[in-house]
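Following: one structure in structure tokens, then a few remarks.
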Protein chains: 2
Amino acid sequence: MRLIEEKILKYGKVYPGNVLKVDSFLNHQVDVPLIAALAQEIYQHYNSCAVTKILTIEASGILLAGMTAQLFHVPMLFAKKSAAKNMSDGVYTAKVRSFTHGNEYTMVVSKEYLNKDDKVLLIDDFLADGNALRGLMEIVKAAGAVTVGAGIAIEKGFQQGGDKLREEGLDIFSLAIIGSMDAQEGVTFRSAM
Amino acid sequence: MRLIEEKILKYGKVYPGNVLKVDSFLNHQVDVPLIAALAQEIYQHYNSCAVTKILTIEASGILLAGMTAQLFHVPMLFAKKSAAKNMSDGVYTAKVRSFTHGNEYTMVVSKEYLNKDDKVLLIDDFLADGNALRGLMEIVKAAGAVTVGAGIAIEKGFQQGGDKLREEGLDIFSLAIIGSMDAQEGVTFRSAM
């Protein structure tokens, strides 16, 4: 069993509405050696992909993205969340509906930091319905760059966002894929379909 | 000259309203080896302080905080920004006025992750008027814990937030302190007063 699966079983809490609380080690208090280990596994998976940039969305994925970027010796770039309606010409934007927060936001990346020669590895802490990844992919595409894949700490497999993106050809590497979860029954894991 | 001072002189841009744009290496695109070097310097400064926890506020300080926590072998905790008016009993909160964004927000930390035995090192990417640090200190105090100091990437020395906090006894270690900045004249650095 993978380290992050053990952490989820030991410290994760399931709440109604498909909420998995992992804020003791992933997205509030952070277990840094765990993140370093996840970064190492992601690096090994995408090692041969000539990655030139790591892209995430603020905030919880930033440490994993940064530690992964360190292994690839490339810059890390984090998209910003904005509620603003008017954006400057100097940015790429994508509208995203957030599963977690039930709202819509715009992700923003300066055009300066992505270009057509970039091979971009996406990183995020969670993958649920896949909207955040789709937003990031839209931005990479707008820059004329290539998305080589997505490294994810925890995928909520029962929400199918990851499966759909895999069917469309995205190489997603999730460190843990949750097959089912329930406040009484707990969490089960599965592999990628 | 310190590495981050060189980066600021080479890549930083000064805009009206005391805005220093460093988003090519610090808070949008991130130069990870630079952050690792800053973390190392912060670690050396506070090495003897028996730090048990690193605390920052999302989002730009998260990588520096995480890399510093890795050196101390302690967890990293990032306060969340919330616009919500009603908070649960399970959290510490502090209201903060943001210089950068000109708005007010509430920072939130779960009570579970800070306790009276903690010796907390604060980390942030910027220190201007000091309001974010004061908010974090308020939360540490509410937990009955001790703030051992604050490691900062860039301090806007001309805004005096850092000097006031030093006068009040806080050990602030800033990797770069900007003495003056101007769109025409550029940036000058100074040491801590």
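The values are calculated or read from the model by the stated rules, or taken from the named source; none is laboratory data. Here the structure is a predicted model, which is why all the values come from computation and not from measurement. Here the Cβ positions follow ideal geometry from the backbone for every residue, glycine too, while neighbour counts run over all protein chains shown. Side chains are part of the model used for accessible areas, which takes the heavy atoms of the whole protein and leaves out ligands, DNA and RNA. Shrake-Rupley method; radii C 1.70, N 1.55, O 1.52, S 1.80 Å.
Taking the residues in segment B:60-86 that are over 17 Å from B:Val120 (Cβ atoms) and touching an Asp or Glu at 6+ places or on another chain (Cβ under 7 Å) as candidates, determine which candidate is most open to solvent (accessible area, probe 1.4 Å).
It comes out as B:Lys81.
Tell me, yes or no, whether segment A:44-52 has at least one residue that is in contact with a Ser or Thr (Cβ under 8 Å, 6 or more places away or on another chain), modelled with pLDDT of 95 or more and in a helix (DSSP H, G or I).
Within segment A:44-52 (the criterion being in contact with a Ser or Thr (Cβ under 8 Å, 6 or more places away or on another chain), modelled with pLDDT of 95 or more and in a helix (DSSP H, G or I)), the answer is no, since none of the residues qualifies.
What number of residues in segment A:53-87 are in contact (Cβ under 8 Å) with a residue 24 or more places away in the chain and assigned to a loop (DSSP other than H, G, I, E, B)?
So the count comes out to 3.
Give segment B:90-103 a look and list any residue that's open to solvent by 20 Å² or more (accessible area, probe 1.4 Å) and in contact (Cβ under 8 Å) with a residue 12 or more places away in the chain, or say none. Even if it seems obvious, please write down each step before you answer.
Filtering segment B:90-103 for residues open to solvent by 20 Å² or more (accessible area, probe 1.4 Å) gives B:90-93, B:95, B:97, B:99-103.
Across segment B:90-103, the qualifying residues are B:Gly90, B:Val91, B:Tyr92, B:Thr93, B:Lys95, B:Arg97, B:Phe99, B:Thr100.
In segment B:157-193, how many residues are surrounded by 20 or more Cβ atoms within 10 Å (Cβ to Cβ) and touching a Phe, Trp or Tyr at 6+ places or on another chain (Cβ under 7 Å)?
Residues flagged as surrounded by 20 or more Cβ atoms within 10 Å (Cβ to Cβ) and touching a Phe, Trp or Tyr at 6+ places or on another chain (Cβ under 7 Å) within segment B:157-193 amount to 3.
Among the residues of segment A:108-124, are any open to solvent by less than 50 Å² (accessible area, probe 1.4 Å), part of a helix (DSSP H, G or I) and either touching a residue at least 60 places away in the same chain (Cβ under 8 Å) or touching a His at 6+ places or on another chain (Cβ under 9 Å) (or both)? Walk me through how you get there before you give the answer.
Step one: of segment A:108-124, the residues open to solvent by less than 50 Å² (accessible area, probe 1.4 Å) are A:108-110, A:113-114, A:118, A:120-124.
Filter again for part of a helix (DSSP H, G or I), leaving A:113.
So of that shortlist, the ones also either touching a residue at least 60 places away in the same chain (Cβ under 8 Å) or touching a His at 6+ places or on another chain (Cβ under 9 Å) (or both) come out as A:113.
Yes - at least one qualifying residue is present in segment A:108-124.
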